[in-house]
Amino acid sequence: MQKSHVKSLVISGASSGIGLALAQHYLQQGATIAAMARRADLLEALFRQFPQQVHIYPLDVRDLTAIQAAAHDFINKVGVPDIVIANAGVSRGTLTEYAEDIHAFQQVMDINVMGIAKTFQPFIAPMKAAGKGTLVGISSVAGFRGLPGSEAYSASKAAAISYLESLRVELRHTDIKVVTLCPGYIRTPMTDVNTYPMPFIIDADDAAQRFAKVIEKQKSFAVVPWQMGLVGKLLKLLPNWLYDLAFSKAPHKPRNI
């Protein structure tokens, strides 16, 4: 396989799903990776596959101190990464009427929104000093409009989109690029629990290849697969009364507290 020009990168949520697929994609092209995730056993399995290329950091993206320590270690060993991909995320079916769901709300927001900011934070100053770098945030088409039963998840992904846009504008006059990626349905453990139809669903390996092309072109915003981008644009154009009518009886993601 032809080697990529990407020499080093950081990926959070690298133990499974989209994060693992992205890690394997870049590793197969010769890149050196800082793999961050909570599940140490899965990170160690990735290390055993690519022992010369993978630096593993078992951590929770809610822990800024742990991320800062990992960033310092990786930069000391490898140098300032070309790319940082804030991919870690969780999905929970939530309903505001249940008091016990508020904990799930907090968890989703902390990981899906604050986790992106905490993943980026220790790399921005080194990237500015190095005069290079790309920050990639993984959001979702679920952030385009509020989906019933996914109150926390939709809110977190909408917040991620706005945060990434603010960061992109803030860094416009630097050498750091910001890329917002919004996956549609990707076949991963996160979507395996869904009991409803998932249009245009693609495999994680296919998604990783498409994401890598977007990142290489440094597009500011992209939806993968592109068909879901059209669906998302249509949904945003619908007036509230029509959207409410169409989605009021839509299937819900199972509540998982």
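The values are calculated or read from the model by the stated rules, or taken from the named source; none is laboratory data. Nothing here was measured: the structure is a model prediction, and the numbers come from that model. Virtual Cβ from ideal backbone geometry, glycine too; neighbours counted across all protein chains shown.
A few points about this structure:
- Residue in segment 17-26 that is more than 20 Å from Ile124 (Cβ to Cβ) and in a strand (DSSP E or B) present: no
- Look at segment 149-177: where a residue is on the phi > 0 side of the Ramachandran plot and a partner is of a type outside the set (Phe, Trp, Tyr) and surrounded by fewer than 19 Cβ atoms within 10 Å (Cβ to Cβ), sitting 6+ places away or on another chain with Cβ atoms under 7 Å, you get Gly149/Leu95; Gly149/His252.
- Of the residues Ala142, Ala160, the single one that is within 17 Å of the chain's Cα centre (by Cα) and at pLDDT 95 or above is Ala160.
- In the set (1) surrounded by fewer than 24 Cβ atoms within 10 Å (Cβ to Cβ); (2) more than 23 Å from Ala69 (Cβ to Cβ); (3) touching a Phe, Trp or Tyr at 6+ places or on another chain (Cβ under 9 Å), Lys157 fails one condition alone, (1).
- Considered as a group, the residues in segment 146-156 that are assigned to a helix (DSSP H, G or I) and touching a strand residue (DSSP E or B) at 6+ places or on another chain (Cβ under 8 Å) include one that is nearest to Arg210 (Cα to Cα), and that residue is Tyr153.
- Residue check, Asp82 in contact with a Leu (Cβ under 8 Å, 6 or more places away or on another chain), closer than 22 Å to Ile138 by Cβ and among the acidic types (Asp, Glu): yes
- Checking Gly149 against (1) in contact with a Gly (Cβ under 8 Å, 6 or more places away or on another chain); (2) under 30 Å from Asp244 (Cβ atoms); (3) surrounded by 22 or more Cβ atoms within 10 Å (Cβ to Cβ), the condition it does not meet: (3)
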